[in-house]
Amino acid sequence: MVAQGLFAALFPSDCRFCGAPLVNISRLPVCPECISAILPIPVGTCEICGEGMTGTGREAQTQTCANCLENRPRFERACAYGSYDGELRELIHLLKYEQVTPAANVLGGMLAEAITKLDIQGPVLMIPVPLHSSKRRQRRFNQAELLARAALKRSPMPGGELAKNLLVRTRATISQIGLTRPQRAENIRGAFRAEHRERIVGRNVLLVDDVLTTGTTASECARVLRKAGAEKVWVATVARTLKHTEANFAVESDLEPSGFEIAERAS
């Protein structure tokens, strides 16, 4: 009985998303059909930050969203694989909040596709967005680092180098949920510090994370890295919160039964 219980825990029999029986033994409790339902973001996104476009006015003429037209972020360009909703959102939650680390392999493949779309030429430092030390101890891993490693295995980058110790988070921040864009920027400013600057000077940097919402955190990280001497900074994430999903995400977050999960999403 103990052996059966252990086997069931390690190799679940039903898909966590749709409840269908899992045909193949796997430590990832998600069926192939639910994985295949995760699709890339269609065309019609900002060429700088990847936000959904309205298709009218200056946005349509420049292929740049209103926010980037008014206040261009510190990174060159950001790209995500899919929209942060549906099965993709649930898969990211399995990794971050339920420690189902085999999900990182699938998500890493999606991250690799997003990186390819950036078309970065030449050697690049791949830097995962860091967690504060208290959050890292709580979660026991940094999901951005797991995704970066998986992406490199799925699609090796010529000259790509994973550098997890060049950017550190110096203080914990409150949740960004419900904050305005200026409030988000103030909340995150000064929360990161560059280390070993001699390895950053003159280098191109690829910043990676699981989700991009407004780009405030990515822009602050890019600012710190550029100040430390980085030549250019790109951003690649698995998912992007688009305009049509952001309002739903905010409402949903207010209804979460666990305050712990809401606090987790600050990272």
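The values are calculated or read from the model by the stated rules, or taken from the named source; none is laboratory data. Being a predicted model, the structure only gives us computed values, none of them experimental. As a convention, Cβ positions derive from the backbone with ideal geometry for all residues, glycine included, and neighbour counts pool all protein chains shown. Note: areas computed on protein heavy atoms with side chains; ligands, DNA, RNA excluded. Shrake-Rupley method; radii C 1.70, N 1.55, O 1.52, S 1.80 Å.
Within the range 68-87, being part of a loop (DSSP other than H, G, I, E, B) and either closer than 16 Å to T216 by Cα or among the charged types (D, E, K, R) (or both) holds for N71, R72, P73, R74, F75, E76, D85.
Residues in the range 220-233 that are surrounded by 22 or more Cβ atoms within 10 Å (Cβ to Cβ) and part of a strand (DSSP E or B): V233 alone.
Taking G159 as the residue in question, decide whether it is on the phi > 0 side of the Ramachandran plot, open to solvent by 30 Å² or more (accessible area, probe 1.4 Å), of a type outside the set (V, I, T) and at pLDDT below 85. Answer is yes for this residue. Restricting attention to the range 101-156 and to residues that are of a type in the set (V, I, T) and either open to solvent by 30 Å² or more (accessible area, probe 1.4 Å) or not in a helix (DSSP H, G or I) (or both), the residue that is nearest to P32 (Cα to Cα) turns out to be V106.
Quick check: is even one residue across the range 137-147 under 16 Å from the mean Cα position of the chain (by Cα) and more than 27 Å from G190 (Cβ to Cβ)? Checked the range 137-147: no residue is under 16 Å from the mean Cα position of the chain (by Cα) and more than 27 Å from G190 (Cβ to Cβ). Taking the range 162-186 as the range and being over 22 Å from R137 (Cβ atoms), among the polar types (S, T, N, Q) and at pLDDT below 80 as the test, only T180 passes. Note on the range 168-198: among residues that are polar (S, T, N, Q) and in contact (Cβ under 8 Å) with a residue 12 or more places away in the chain, the one that is most open to solvent (accessible area, probe 1.4 Å) is T170.
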